[in-house]
Each structure stands twice: as C-alpha cells, then as structure tokens.
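See below for the structure under consideration.
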Amino acid sequence: MTDLVTDLSAAGRAPRRSPLLRVRNLSVTFPQRSGPPVNAVRGISYDVHEGEFLGIVGESGSGKSVSSLALMGLLPSSAQISGSIDFDGHKLLDMNDRQLSGLRGRDISMIFQDPLSALTPVYTVGDQIAEALLLHDAALTKQAARSRAVELLKVVGIPAPERRAKAFPHEFSGGMRQRAMIAMSIANDPKLIVADEPTTALDVTIQAQILEVLEKAKELTGAAVVLITHDLGVVAGHADRIAVMYAGKLVENGSTADVFSEPHMPYSIGLLRSVPNMQTAGTQRLVPLEGRPPSLTALPPGCPFAARCPIAVDVCREVEPLLASHGTFVSGMTVPVAVVGEEDTTSAHLSACHRSTEIASGALTRADIFPRPEPLDVQHPARPEDRTPVLTVTNLKRHFPLTNGGLFSRRIGTVRAVDGVSFSIQPGQTLGLVGESGCGKSTTILEILEMTAPQAGQILIDGTDIARASRAERLRLRKDVQIVFQDPMAAIDPRLPIGEVIGEPLTVHGVGRADRRARVQELLDLVGLDPQMADRYPHEFSGGQRQRIGIARALATNPRLVVLDEPVSALDVSIQAGVINLLEDLKEQLGLSYLFVAHDLAIVRQIADTVAVMYLGRIVEYGPVAEVFAHPRHPYTQALISAAPIPDPEIERSRTRVLLEGDLPSPTEEITGCNFRTRCPLYRLLDPAAQSLCATIDPPLVAHDGVDAACHHVDRNQIIDSALAFTP
Amino acid sequence: MSIVEGASATLIAGPEPEPTTVVLARKPLSRGRLIWNRLAHTPRFWIGAVAMALIVIWAVFGPLLYPVDAFSRDPLNMGMGPTQLHWFGTNNIGQDIYAQTLIGLQKSLVIGLIAGPLGTLIAAVVGSVAGYVGGLVDGVLVWLINLLLVLPSFILLVILSPLFEDLSWVFLTVFLAGFSWMIMAQVVRSQTRSLRNRDFVKAARFMGVPMPTILARHIIPNVASLLIIDATLGVVAMIMAETSLSYFGFGIRAPDVSLGTLLSEGTAAAVTRPWLFVFPAGVLIATLFAVSLIGDALRDAVDPTSGVNRD
Ligand SMILES: Nc1ncnc2c1ncn2[C@@H]1O[C@H](COP(=O)(O)OP(=O)(O)OP(=O)(O)O)[C@@H](O)[C@H]1O
Ligand code: SF4
Ligand code: SF4
Ligand SMILES: [Mg+2]
C-alpha cells in the first residue's frame, strides 16, 4: 500500500505540505426518538489544501450541509459524530465549544444560503462587521474597526459603502446581504471559507456577481474555499476539485476537469448527463436519472446507488464500494485499489464504484451506461401566423399603489409591476418568459389566470376577450387554461388523496364521480405514475412525483394552454430532466401550448420555441429561441445569457462574461429614458451623444431581423464583447 | 405504545416529512389517523371521554330509573338530608334534589353542547369568509367582530333579560353562542388570509372552483383541528356561562331548572343544608372537568408542540 501511495502522489502534482483540512471517516448520525437513526453522513474523507477551491455537489438530503456543519461545530447536540477532522493542527472534533468559537470567524468562516438569518437585524451591517473584527483582535480600536468594515464592504462591491455601512440588514437586497456576509467572512483573513449554497436563493445575474466576489475574496485572503452546491454549473467555472456526495457518502472526488470529462462513477455520469446545458439545450433530449435516493434510515446493503444504476451487478447489492483510486498510473498499469487512509488525496481521482476500473479504462464506455439522448427535432416549426393564437396579451399593465402605512395612508408612489407587456402564443407553441425575480413574471401570469378585466390592455384567450366574457364563458375559458406551480409541495392540498386533487378541476365542470375516477386513472398513467396510487396522500410522493401530480391536475380538463410557473426549479437536477421530458412529450401528444416561466435559461432553451425577456415590467427582447440565444440583441439578454453557468469547465473558464452591476432597481424608482440604463453594460461604453438618447427616450420594442428588442443601440452591441476582450 | 411514539416523531419531523427521512413501507397515516393515534394513547383523553359518556348516559337515563318526579312535592320529607327515598335529599318545599339535579344537568348539557359548536360554526363561517373574500366584506365583518368584542355581553343580557322572560332556553343558547365566536373568528380569519395565498388554494381558484367549495374543501379542513378544539372547550365555556347567568337569575328561570338555578337556590343553605348545594355543584364540576380533559388532550394531539409533548 505504501508504495502505491508514493506512486499516487508522484503521478500528480509535486508532493505538498500536509493539507489545511483533513477529514477522515467523518460520520454523523441523528438518533430518532423512535425508529432507526438517520445516518446523514457515513464515513467521508477528503483533504483541502491551502488556497484550494473544493466544490461539494449532491442532491438534496445527500448530507452536504450536515458534513460542513460538522466542520464548524454547529450541529445540534443530538448529533453523534465520529471520525476525525484536522484543521491546521487542531483536532476539531476534540475541541470544546469555546475553543471552536475562537476558530470560527477567525480561521474558518462560513457563508450560509440565507444571509438574513446570519445577520442580526437590530445592528447596522457596518457594526456587525466591525464587531466580527473586534471579537478576534483585541488590539483594534473601534474607529479602526469601523473604517476597516467600510473598506471590506467596498471590496465586495457594495456601492457607497460609507452610507451602506450604516444601513440595517433588511434594507439590503438578497445579493447585497450575501456580499455583506462575504465581507464579514473575510474580515479576519480566514484560512478556510465554507459556503453552503451561497447563491441558491439568488438570480443568475446576482449569482454571477457573488461568485465573482467569492473568487476575489479568495484571492485577497489566500483562503481555501469549500463551496457546497447542487448546481454543477456553479462549480464548473470556479472549483479546482469536485467531490460528489450521494446518500451520505462521497462517491467521487477528483480535479474539476477529470470529474467533468472522465467521471468514474455512474451517479456522476448520470448527473452530468441529466443537466440541461445551455450550449446543447434544444438539440437533444435530456437523460433523466430515474428513481430517488435511498432513505438514510434504512439503507439497503451494498452500493446506495444500486437501485438507480443501469450497470449494477450482483456484488453491488451486497458490498458497499469504497472510495478508491481506479485510474491508470505510471506505465499504463491499472491500479485498482488505493483506499483512502492516512495519505493525501489531493492529486488522485477517487471514486466509489465496483465497476470504476472498467469505466476508467474505457472497457465500459460512459455513453452506454445511460441511454443515449435522442436528438430533438431542431427545426422549431415556423410560427403559423394564420391561426388564432391561444393567448394574446396586448399592452397589459398592472400597477400597484404604494402607500405609506399610516392611519390615513397616502399614496407615495406606484409599483409598475407589469408595464405594457404584449405577446401571443400560437397553438402548439411554447413561449418562455424569463427575467430576474421581481421583474413582473408572476404578476403577468396571475393577471392572465385571475381572468378579471385587466387595469389596462387586453387579454384574449382563444380570441375571447376575458374582460368582456360572461360568467359561463369565463368558466369555459378556465377549462382551457391551467397552471402548474413552482413548488410541488405547496401546490397540492396535503389533506386530499391525490385522486381527488387531480379530479378537482373536473368537479367544477360537473363531471360525475365514476367518469372522474376513470379520467384520474388515465391522467396518472399519462404522467408516468401508477394508476393504483390514486388513493394515496401527497406526502407519500417525492418532489418529482408531486410535480407530476400537479401536471396531471393541470391536464384534467384537456386544456389548450398550460401556464408553467418555474415547474422544475424546486426539483433536484437529477429529477428535473424527467419532468422536462414529460412536458415535451405531453406537448407533442396533446398538442398543448405552454407559457413557460423560468429563470433557468438552459431549460427555456430546451423547451421553448419563442422567448420573451422581461425587465422591470417590460419585455425587452422577444423572438425565436435559437436566434435570441445565438445572437442576443438587447444588452440585458446578453448579460443574462452570459451569467448563466454552464456545466462544462472548459467553456465556463474560457468564455467572457457580461457582468451586470448592482441589483434590479426598485420598481418605484422613476428612470427617465431606457429603464435598463442604470445597469446597462452598453450604456457605459457609449459616447455622450448616444447616451443622451438612452437617457431621454424610452426605447420601443422594434423588430431587428425577426427579433424584437427594446434598445436604441442594438447595432452597436458588439462593442460589449470587444470591450470585454480588452479587460480580461 | 410504539405506534404513538412513531406518530409523534413523524409529526415533529415536519408536517410533510421529507421523503429522504421518512419512507414508510406500510400505508402511511393520514393526519386524522395520526391525531387519533396520539389521542388514543393519552390517558387524560380516555378519563375525560369515559367520564363524559357516563355523565351523558346518566343524564339521559337517570330520570327514567328514578321513581321520584323532579317537581312533585313530598310534604312528609321537606328539607330532608339524603335518604333511601330521596338520594340527594329534598329542598324546603319537598322537591327531590337528585331528580332536579338530573333535569338541570340535562338542560345545562344541552345548552353547552349546542352553544359551543354553534359558536365555532359561526366563527368558521365568518372568519373564513372575511379572510377569503377580503375587501369590503372583510371590513364589515371585522367591524362586527370588534363591536361584539367591546359590547359587554353579560350586561347586555341583564338589560335584555326582561324582554325574553317568556322566550324559551333556546333563545339563551343562541344568545350565548352569538357572543362567543369572535376570538375564534379572528383566528380563522388570519389563518384563511395566509391559506388564501397558498398555491393549492390559488390552483382551485384558477380552476374556477366556486368560493363556498374552496372554503369547505381547502380552507376549513386546514383549520379543522383548531375548530374541534374550540368547539370542545366552547362546551365548557358555555356551560359555565349558562350556569353563572342562571345563578344570578338572568338565564334559565323557574319553573325551568338548570344546574345554575339549583346552585343559586342552594347557596343560601350551603352551610345548614349542604346537600342542596354540594350535589349540583359536584355534578357541574365533574362535567366541566371531563370536557376540559378531552379538550386539553385534543389540543396536545393536534399540536404536539404545546403542553406536555413539547420537545
Ligand atoms: N437535526 C437533524 N435531525 C435529524 N435528521 C437530520 C438533521 N439534520 C439533517 N438531517 C438529515 O440528514 C440528511 C442530510 O441532510 P443535509 O442537510 O446535509 O442535506 P443536503 O445535502 O445539505 O441537502 P440540501 O441540498 O437540501 O441542502 C437528511 O436526510 C436530513 O433530513
Ligand atoms: S457499485 Fe455497482 S451499483 Fe454502485 S455505482 Fe457502481 S456499478 Fe452502479
Ligand atoms: S437603450 Fe441604451 S441603456 Fe437601454 S439597453 Fe439600449 S444601450 Fe442600454
Ligand atoms: Mg443543504
């Protein structure tokens, strides 16, 4: 074994000093008051070196958070922890809470998904950062701490840091809070920053900014970073190494390039295959990873992935594979086993699978493990303009009065949630509606679905104006338009058996009990669930299955248009693909039209025919998907597309990014001229004459070779790219 | 025993357990069954339920098995203590206290069992309509709730009492219910306002499900546990309200009897002839105690974070 180890490090980079963080056989178990305990983390080992960026990826419940909370000593006291964690000469698991809190915030700092819960609401942001500084450095004066806090806020890109330092956390937007958290986490020059899903709650444009700031913080402090995420795209561009977790175990650990290009473990292969990639989206079908992770309370013996693994063999169901190196080393000799023990894992490519050696050597080709994706009909049918659109929205407006919440509330402004939106959907077509949160997507679809007369503008469903429809007509229209919600847990009444949930729309239209039951069975079958399950309750289903129930309910009345409000964003990546495929099939089979609201551009590219990009209550670009993605006209679309992470390290590292500055302005703000002016990357590069056009005249939506865009300077948008080329 | 523990553990893990943590091989329990399982393993509930059942059976069948009529006078045994003939003794005009206690118990139970749930029903309807419809309707209903809350109902009843002198006890029941629903209506209203924006309610609205159906199918069942507790504890409150009103002479009046009127007649003699007071009072306390036990156990079963089940 020992000479294997020497080989192992010789094969990689030069031997290094001992790692900054060495986790060995870490296990965390939560005893339950009754029943078997939850084995949340089951013996994981990894190393992090100084200045290294490790990405830990895995589905929800795989133990990512629990394992990193264990590092910080932040697990509830009921948790039983075993194994060892060495950090910079300290044995973390042997330290008491007081010793640990000395380390926390100074040598190790943590960034959480929800920064609001980590910031104290009653102190100003500046004071909290100063506090963090003073806590670990007694020599610092209050004055110095405060000015250092302002400096840190500046480093993380908060505009007007002196003023912002005096603001309270709730006055910050989500992105700014996360910046403030990063500022606080680097305040004491930590050696290790642990970030648990720091960008999951944020929009892509803000996510790109935050990742950039994190990278900058890492460079400034030289700290190592452990980034936990479920999004492969996020780690592709930033991480040096990637560790894949599944059911409480590390199943693969290797350099980013290795894991993405030559994964050794079927789960990683399937995961990579199931993610829609913005580059290839729309050209081939996604390959779903069927099934769901095993219960952590009653794990079957053998490999935890066996039930979902297409190449499982008998031994997989009996013996759990260990994390080991299966690569080819010196002189092409295949080294099958080098189980992680005391040695350094840094340069190795490790995986936990009985058949990794076959995969690594190429005897088992990756493409054959999962079924090959079938190519999609790339040619999106041309818009058949002659037919009546299923939905036509013309100049729709929805303004909310903003009052000061006093006794005699006075109107102090207007929120222009939707401010003149027009689009139409042809039968059998899918319109993708994209934009940052708060841009008015949800208000737009609610206006359509409420079916009351809009404040301004017109909504036609199948040519019928809903403002003028009679009660009976409206009920008939409701049959034609159905919705699938984002959160499958919230969209289904937990108290009704799913058969009744799915049949509910039919009760409205007077369908009898027996017919309803038959239809429910048919629908369950249609969405890929067992018709026998009609009597079960929602909590017995997984997220992906519940979303299928939601889809079945939407289809019950044979609608013509289904509004999909972020239908997969609450689902794990491995499950998303299955739901997307189902939606594509249903559209084909039933001739449905979709209004697909999403913030994930790759998914929109995959499923939509036409895309409308919304910004501050307006549509700024509107046209065929392929054309918009290939040649975005509007600077905002350019920025959105370039902010979306691509799960491919090569592309991700080589492409240039159009980063947007700042957050979405508040919709009450009165911006003269183009409302994107405050963040427009093109505006800043223009000459004053062109700028004044943006500042004074609101650009209308004008056709540019088949794509509508609302920008005065569409013809000059290449200068963004050339400007980026100069400043790498 | 294992069932109840399993049940509470699942609920603590969250009302909608994560599929990763709880994968049940057997058919999982619906919420109703969960609550029932937990109730069934609460001794308090059984004590209350058995006691209540016995009290009701006693009130219904007791008079049939007792030879003495409640209102006939026994001139030979006036103001007597308990004897073989008159189990609880007699009052000073020779009426049998045992028979009267049973009749009074019947009346008090009927009033409590009707007025408690009736108040809850009003609360459910008013609260859910106000919360769901919003706007002007909500404004008017909230105004009504606040008005009734500030009106001193006891004094109002005292003032009105001459008016319904000759109206029956039914009126008293309705009156009691009419003044007992406001707090619960506020609770239901605020719950409804948050439920209204939940996706499953929106989904129903977008399907075109009419408002009353949405309230009955999606809103009320989601506050049902609160309503059940309220109705049960409402029974206690209503019996107490009725007895105290009657005690002061504003509720049930002679010749009708309720536990309240019996008590008021008995108080004066509480020291000299204790049986006039002690027996009706004991029956009242036993009844209230039994219903309270049930209500208390229900509350703990529905909301495991309250009371003894707190983790
Ligand atoms: N305090 C606790 N008591 C019992 N079980 C717990 C506790 N905390 C976490 N678990 C369980 O441990 C498992 C791993 O949870 P963990 O939070 O690490 O998942 P994760 O990979 O971070 O998922 P996500 O992507 O959803 O954040 C889950 O099954 C979870 O239910
Ligand atoms: S060990 Fe077996 S079941 Fe597990 S991933 Fe490898 S081949 Fe599949
Ligand atoms: S009109 Fe001007 S500010 Fe608006 S998007 Fe175009 S270049 Fe930018
Ligand atoms: Mg987590």
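Shown for segment B:184-212: residues covered by the partner protein chains by 10 Å² or more of accessible area relative to the chain by itself (probe radius 1.4 Å), namely B:ARG198, B:ASP199, B:PHE200, B:LYS202, B:ALA203, B:ARG205, B:PHE206, B:MET207, B:GLY208, B:VAL209. For segment B:66-161, the relative contact order comes to 17 percent (Cα pairs under 8 Å, sequence separation of at least 6).
Here is the link list: A:LYS218/A:LYS249; A:LYS91/A:LYS216; A:LYS191/A:LYS216; A:LYS154/A:LYS191; A:LYS397/B:LYS202; A:LYS64/A:LYS91. Which ones come out longer than 23 Å on Cα distance? Kindly include the intermediate steps, with their values, before the conclusion.
Values: A:LYS218/A:LYS249 27 Å; A:LYS91/A:LYS216 29 Å; A:LYS191/A:LYS216 14 Å; A:LYS154/A:LYS191 21 Å; A:LYS397/B:LYS202 21 Å; A:LYS64/A:LYS91 21 Å.
In this structure, A:LYS218/A:LYS249; A:LYS91/A:LYS216 exceed 23 Å between Cα atoms.
In plain terms, if you count all Cα to Cα distances in chain B and split them into 20 Å steps from zero, the share in each step is 27, 48, 22, 3 percent. Can you find, among A:ILE182, A:GLY463, A:SER325, the residue sitting farthest towards the positive end of the charge dipole of the protein assembly as shown, where Lys and Arg contribute +1 and Asp and Glu -1 at Cβ? Result: A:GLY463, furthest along the dipole toward the positive end. As a length-normalised measure over Cα pairs under 8 Å and 6 or more apart, the relative contact order of segment A:632-726 settles at 32 percent. 3J(HN,Hα) couplings calculated from phi for segment A:237-246 with the Karplus curve 6.51 cos²θ - 1.76 cosθ + 1.60 (θ = phi - 60°) are, in sequence order, x, 10, 7, 7, 10, 10, 10, 9, 9, 8 Hz; Gly and Pro show x.
Summed over qualifying helices (DSSP H, 4 residues or more, each -39500 (n - 2.57)) and divided by its residue number, chain A shows a 222 nm mean residue ellipticity of -9500 deg cm²/dmol.
Projecting label points 7 angstrom from Cα along Cα→Cβ for B:ASP256 and B:VAL271 puts them 3.3 nm apart. Each Cα pair under 8 Å and six or more residues apart adds its sequence gap; the mean of these over the residue count of segment A:391-615 is a relative contact order of 28 percent.
Residues in segment A:178-192 carry Karplus couplings, in order, of 5, 4, 4, 4, 5, 4, 5, 6, 9, 4, 9, 6, x, 8, 9 Hz; the curve used is 6.51 cos²θ - 1.76 cosθ + 1.60 with θ = phi - 60°, and Gly or Pro positions show x. Indicate the gyration tensor shape class of segment A:632-726 (rounded, prolate or oblate), computed on the Cα atoms with a ≥ b ≥ c the square roots of the eigenvalues: a/c under 1.5 is rounded; otherwise a/b larger than b/c is prolate and the rest oblate. Judged from the Cα gyration tensor, segment A:632-726 comes out prolate (a/c at least 1.5, a/b above b/c). With springs connecting C-alpha atoms under 10 Å apart, model chain B as a Gaussian network and identify which of B:ALA203, B:ALA130, B:ALA231 has the largest mean-square fluctuation. Checking each option, the largest mean-square fluctuation is seen for B:ALA203. Think of it as helices only: each DSSP H run of n ≥ 4 in chain B is worth -39500 (n - 2.57), and spread over all residues that comes to -22000 deg cm²/dmol at 222 nm.
Here the Kirkwood formula puts the hydrodynamic radius of segment A:471-555 at 13.0 Å, using every distinct Cα pair. For A:LEU391, nonlocal amide neighbours, meaning residues 5 or more places apart or on other chains whose placed amide H falls under 5 Å from its own, are A:ILE425, A:ASP462. Calculated on the Cα set of segment A:402-549, radius of gyration then Dmax: 19.2, 58 Å. Taking a straight line from the alpha carbon of A:LYS166, these aspartates and glutamates sit under 14 Å away, with near neighbours fewer than eight places off in the same chain left out: A:ASP127, A:GLU131, A:GLU151. Across segment B:144-161, computed HN-Hα scalar couplings (Karplus, 6.51 cos²θ - 1.76 cosθ + 1.60, θ = phi - 60°) run 4, 4, 5, 4, 5, 5, 7, 5, x, 5, 4, 5, 4, 5, 4, 5, 7, 4 Hz from first to last residue, x flagging Gly and Pro.
Mind checking the angle between helix B:43-65 and chain B's longest principal axis? C-alpha axes, 0 to 90 degrees, to the nearest 10. That works out to roughly 40 degrees. How much of the accessible area of the protein assembly as shown, in percent, comes from carbon and sulfur atoms when a 1.4 Å probe is used? Within the protein assembly as shown, the accessible surface is 58 percent carbon and sulfur.
Remark: the protein assembly as shown carries 43 Å² of accessible area per residue (probe radius 1.4 Å; ligands, DNA and RNA excluded). Chain B packed on chain A takes about 3100 Å² of accessible surface away from a 1.4 Å probe, both sides summed.
If you wrap the tightest convex hull around every Cα atom of chain A and split its volume per residue, you get 196 Å³. Proximity of backbone amide H atoms, modeled 1.01 Å from N, is registered between A:GLY413 and A:LEU402 at under 5 Å, excluding neighbours fewer than 5 places apart on the same chain.
The values are calculated or read from the model by the stated rules, or taken from the named source; none is laboratory data. None of these values were measured; they are calculated from a predicted model. Note that each Cβ is placed from the backbone with ideal geometry, even for glycine, and that neighbours are counted across all protein chains shown. We work out accessible area using only protein heavy atoms, side chains counted, and drop any ligands, DNA or RNA first. Shrake-Rupley method; radii C 1.70, N 1.55, O 1.52, S 1.80 Å.
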